[in-house]
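This report concerns only the one structure given below.
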Amino acid sequence: MKVLVTGGAGFIGANFVRSTVAERPDTTVTVLDALTYAASRSSVEGLAGVRLVEGDVADADLVDALVAEADLVVHFAAESHNDNSLVTPWPFVHTNLVGTFTLLEAVRRHKKRYHHISTDEVFGDLELDDPGRFNELTPYNPSSPYSSTKAGSDLLVRAWVRSFGLEATISNCSNNYGPFQHVEKFIPRQITNVIDGVRPRLYGTGENVRDWIHVADHNAAVWTIIERGRIGETYLIGADGEMNNVSVIRLVLELMGQDPDAFDHVTDRPGHDLRYAIDPTRLRGELGWEPRFTSFRDGLEDTIAWYRSHESWWRDAKETTEQRYRAAGEQIRG
Ligand code: NAD
Ligand code: TDX
């Protein structure tokens with residue numbers, strides 16, 4: 001089987017490519033990736049069965065040629081960081097909306113199987129004491145330029161299924177953690193800060209809740225949906241991993257041998273979503289998927305060990321990332 005993976009040099013895509021060629025020897029992968037600041041060539045380059053093509057998912061001619069030769073298209077490519085979308089929204093519109101449109105048109109022309117990777121952020125946020133969680137029927141209510149462009153891309157896929165009979169599935173997953181995640185994101189930023197002797201940075205009060213899932217569990221669920229999901233259907237992926245940000249920072253510090261209170265509160269994110277929580281009943285009940293990483297503490301410990309032993313992978317991005325946070329006005333509040 002020939003799989004076209006867009007965004008395969010980013011965090012989740014690279015983990016998907018690596019596990020796919022390791023576990024499925026009959027599969028070859030072409031990665032289409034624009035190699036933006038968020039990508040790392042070294043995450044996938046040189047792997048047996050993997051070809052890396054540098055290019056834009058909104059480049060219609062290139063996308064047409066690559067889709068034509070694939071059996072399956074898995075679309076991870078996106079501008080993915082909320083904080084960046086609040087400073088410079090245009091790349092989010094370009095990649096997440098125009099890029100997805102371009103890919104869908106090629107998939108329609110060549111009648112290929114398509115899987116669309118999306119996020120729980122399309123649903124907006126929940127109150128801390130809301131007994132409910134997001135499910136496949138929750139209305140879309142995105143908050144940021146990032147989540148609104150992801151929501152728009154999901155709606156394009158649904159329209160292409162209904163209007164043109166596209167053979168597509170969609171998944172909306174909660175917050176991922178694990179190896180190869182860019183140091184701009186919450187968990188790797190704090191781990192690499194501690195390695196550098198810098199105090200972790202908590203936005204606002206830190207009561208915001210995220211529903212953490214290990215990236216390997218996300219990707220295993222994606223393959224389950226590709227193989228056993230119903231065409232045209234949406235599946236929510238989550239692993240019952242709700243935790244507030246202050247607890248995550250305290251755990252990172254504890255696991256790294258530091259005082260759990262040795263962090264700083266900094267400027268809050270404008271429009272900061274309060275809580276995400278996924279009800280994965282459909283995925284578990286209909287498709288029989290179960291997460292393997294059921295202990296966040298163990299998964300986080302492995303992730304810390306990975307960042308300690310892969311400094312050459314993240315070092316170059318660290319200073320430019322921190323400069324970007326400073327330029328955006330991040331300030332210590334105490
Ligand atoms: P990432 O930012 O680490 O990687 C994105 C990749 O897409 C990068 O390699 C980048 O170079 C590439 N890319 C960006 N613009 C492109 C373009 N125009 N053409 C081709 N490639 C382009 O993101 P991630 O965290 O790995 O997220 C991957 C996908 O999963 C995204 O669609 C995101 O919305 C979704 N998602 C992420 C999370 C999470 O917690 N990180 C959770 C749920 C869903
Ligand atoms: O330094 C920080 N301090 C902090 O308190 C950073 C970078 C973040 N935060 C907070 C903001 C969020 O409440 O931590 C939480 C997680 O932040 P991010 O890692 O930026 O993730 P989030 O905004 O929740 O979005 C992530 O999950 C859903 C991914 O980046 C998205 O691509 C995905 O769709």
>> What are the pairs with Cβ atoms under 6 angstrom where one residue, in region 52-69, is touching a residue at least 40 places away in the same chain (Cβ under 8 Å) and acidic (D, E) and the other, located anywhere, is part of a helix (DSSP H, G or I) and crowded, with 20+ Cβ neighbours inside 10 Å? Sequence gap at least six, or different chains.
In response: D64/A106
>> Cβ contacts < 8 Å: first residue touching a residue at least 60 places away in the same chain (Cβ under 8 Å), restricted to region 227-250; second residue small (G, A, S) and part of a strand (DSSP E or B), any location; separation 6+ or different chain. Result?
In response: I231/A168; G232/A168; T234/S171; Y235/S171; L236/S171; I237/S171
>> Against the definition (in contact (Cβ under 8 Å) with a residue 12 or more places away in the chain, outside any loop (DSSP other than H, G, I, E, B) and under 21 Å from H116 (Cβ atoms)), how does I191 come out, yes or no?
In response: no
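Out of E136, E121, which single residue is touching a Phe, Trp or Tyr at 6+ places or on another chain (Cβ under 9 Å), within 11 Å of ligand 2 (Cβ to nearest atom) and either assigned to a loop (DSSP other than H, G, I, E, B) or modelled with pLDDT of 95 or more (or both)?
Working: E136 fails: within 11 Å of ligand 2 (Cβ to nearest atom).
Every option except E121 fails the conditions.
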> Considering only region 145-188, how many residues are in contact (Cβ under 8 Å) with a residue 40 or more places away in the chain, part of a loop (DSSP other than H, G, I, E, B) and more than 12 Å from ligand 1 (Cβ to nearest atom)?
Replying inline: 2
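So, of the residues in region 125-144 that are of a type outside the set (S, T, N, Q) and within 15 Å of ligand 1 (Cβ to nearest atom), which turns out to be farthest from I226 (Cα to Cα)?
Step one: list which residues in region 125-144 are of a type outside the set (S, T, N, Q), which gives 125-134, 136-137, 139-140, 142.
Checking which are within 15 Å of ligand 1 (Cβ to nearest atom) leaves us with 125, 134, 140, 142.
Details: D125: 28, F134: 22, Y140: 23, P142: 26 Å.
Among residues in region 125-144 that are of a type outside the set (S, T, N, Q) and within 15 Å of ligand 1 (Cβ to nearest atom), the one farthest from I226 (Cα to Cα) is D125.
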> Of all residues in region 301-334, which are under 21 Å from A9 (Cα atoms) and among the aromatic types (F, W, Y)?
Replying inline: W306, Y307, W313, W314
> Looking only at residues in region 287-303 that are surrounded by fewer than 11 Cβ atoms within 10 Å (Cβ to Cβ) and in contact (Cβ under 8 Å) with a residue 60 or more places away in the chain, which one is nearest to G178 (Cα to Cα)?
Replying inline: R292
> Hey, among the residues in region 103-124 that are more than 9 Å from ligand 1 (Cβ to nearest atom) and of a type in the set (V, I, T), which one's farthest from N176 (Cα to Cα)?
Replying inline: V107
> Just checking, how many residues over region 21-60 are over 23 Å from W223 (Cβ atoms) and of a type in the set (K, R)?
Replying inline: 1
> Taking into account only those residues within region 60-101 that are within 16 Å of ligand 2 (Cβ to nearest atom) and among the aromatic types (F, W, Y), which is surrounded by the fewest Cβ atoms within 10 Å (Cβ to Cβ)?
Replying inline: F92
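If a residue has to be surrounded by fewer than 22 Cβ atoms within 10 Å (Cβ to Cβ) and not in a helix (DSSP H, G or I) to count, how many in region 102-114 make the cut?
To start, the set of residues in region 102-114 that are surrounded by fewer than 22 Cβ atoms within 10 Å (Cβ to Cβ) comprises 102, 105, 108-113.
Now narrow it down to the ones that are not in a helix (DSSP H, G or I): 111-113.
Number satisfying all stated conditions: 3.
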>> Take R275 and tell me if it is more than 27 Å from H115 (Cα to Cα), of a type in the set (K, R), modelled with pLDDT of 95 or more and surrounded by 15 or more Cβ atoms within 10 Å (Cβ to Cβ).
In response: no
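Let me confirm something: among D268, D302, which residue is in a helix (DSSP H, G or I), out of contact with any helix residue (DSSP H, G or I) (no Cβ under 8 Å at 6 or more places or on another chain) and at pLDDT 95 or above? Quick ask: steps written out before the conclusion?
Values: D268 fails: in a helix (DSSP H, G or I).
Within the list D268, D302, the selection yields D302.
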>> Considering only region 304-319, I want to know if a residue exists there that is surrounded by 15 or more Cβ atoms within 10 Å (Cβ to Cβ) and in contact with a Pro (Cβ under 6 Å, 6 or more places away or on another chain).
In response: yes
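Results for (1) aliphatic (A, V, I, L, M); (2) part of a loop (DSSP other than H, G, I, E, B), shown as yes or no for each residue.
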| position | (1), (2) |
| --- | --- |
| A9 | yes, yes |
| V29 | yes, no |
| G46 | no, yes |
| A58 | yes, yes |
| A70 | yes, yes |
| S80 | no, yes |
| D83 | no, no |
| V93 | yes, no |
| T100 | no, no |
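Here's the yes/no breakdown for (1) touching a Leu at 6+ places or on another chain (Cβ under 6 Å); (2) more than 16 Å from ligand 1 (Cβ to nearest atom); (3) not in a helix (DSSP H, G or I):
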residue: G257; (1), (2), (3): no, yes, yes
residue: D261; (1), (2), (3): no, yes, yes
residue: D273; (1), (2), (3): no, no, yes
residue: R282; (1), (2), (3): no, yes, no
residue: T294; (1), (2), (3): no, yes, yes
residue: W314; (1), (2), (3): no, no, no
residue: T320; (1), (2), (3): no, no, no
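The values are calculated or read from the model by the stated rules, or taken from the named source; none is laboratory data. Quick caveat: nothing in here was measured; it's all calculated off a predicted structure. As a convention, Cβ positions derive from the backbone with ideal geometry for all residues, glycine included, and neighbour counts pool all protein chains shown.
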